[in-house]
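Below is one structure; the comments refer to it alone.
The values are calculated or read from the model by the stated rules, or taken from the named source; none is laboratory data. Source: prediction; values computed, not measured. Cβ placement follows ideal geometry from the backbone for every residue including glycine, while neighbour counts extend to all protein chains displayed.
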């Protein structure tokens, strides 16, 4: 469905993405991950036909996004990070207008608008002025817009950004339901959602792809760091330097708690400094209230692939 070959985008004095190559097969739900400024939004804008590229090639459903733009866009439903809506229009008016712009046949517009109102749980709001809707409802209008011409590819750039937990859950369930007969490329910072929804993950950092695999294989093959949690009720002044010097510890962060201070030790994949912590705690009479180890997660893989350099 998506084929990207040696894609590069340069601005004056700055390269946003460099030599990207990847594929997304029909029916896949792929998470597109990266820190801020990694090149995610630039890539998605190019894939959706909103931005030209400097070099390379992009094809959507077999159509070149540059040379056969109209044909390629018929297959794409795009929800950008900042949903562009006309706030003075009613929901159903806006969707009818967008359907016409996207080439939906006149007799089918009413049917398609009705379908997306149902899919996106907007039937009760179809006559509401868009500017009066909540952020979550506006996001669903944006999704309805992306779906109104019945595309077989959805490109979603941070679809849950700025939403509260309940709204995030609603949008997540909507996306999962929509994905049954569509290909989805989704950018998000909520990594647990990627593990739940996505069949594959692409990690981009500084404009280059760092990994492309299932979440399970990333955890297995990249040997991500684990985290050991240590909490002390009365921590001495030198505890941070002592913990940081332990074998296998990459870095240490701390947070204040009601009962003292909690230290998070990010470790090498095979390292487990718990025994060393216990030994030192006995020797130095630390008031140890918690010592636990968390297995590596997709977040740890993400940090390892995008940390530093």
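You will find that of 232, 240, 246, the residue that is assigned by TED's automatic domain parsing to the domain that holds residue 268, surrounded by 19 or more Cβ atoms within 10 Å (Cβ to Cβ) and over 18 Å from the mean Cα position of the chain (by Cα) is 232 and no other.
If you go through segment 290-309 and keep only what is over 17 Å from the mean Cα position of the chain (by Cα) and modelled with pLDDT of 75 or more, you end up with 290, 291, 292, 293, 294. When segment 252-270 is filtered for residues that are closer than 14 Å to residue 300 by Cα, modelled with pLDDT under 90 and surrounded by 13 or more Cβ atoms within 10 Å (Cβ to Cβ), the ones remaining, listed by number, are 266, 267, 268, 269.
For segment 190-309, which fully contained strands (runs of 3 or more DSSP E) count at least 1 residues that are within 30 Å of residue 171 (Cα to Cα) and touching a strand residue (DSSP E or B) at 6+ places or on another chain (Cβ under 8 Å)? Explain how you work it out, then say what you get.
Values: elements: 200-205, 208-213, 226-232, 249-257, 260-267, 288-294.
Strands (runs of 3 or more DSSP E) meeting the threshold: 200-205, 208-213, 288-294.
Restrict the check to segment 59-76 and report whether at least one residue is assigned to a loop (DSSP other than H, G, I, E, B), assigned by TED's automatic domain parsing to the domain that holds residue 201 and closer than 30 Å to residue 128 by Cα. For segment 59-76, residues assigned to a loop (DSSP other than H, G, I, E, B), assigned by TED's automatic domain parsing to the domain that holds residue 201 and closer than 30 Å to residue 128 by Cα: present.
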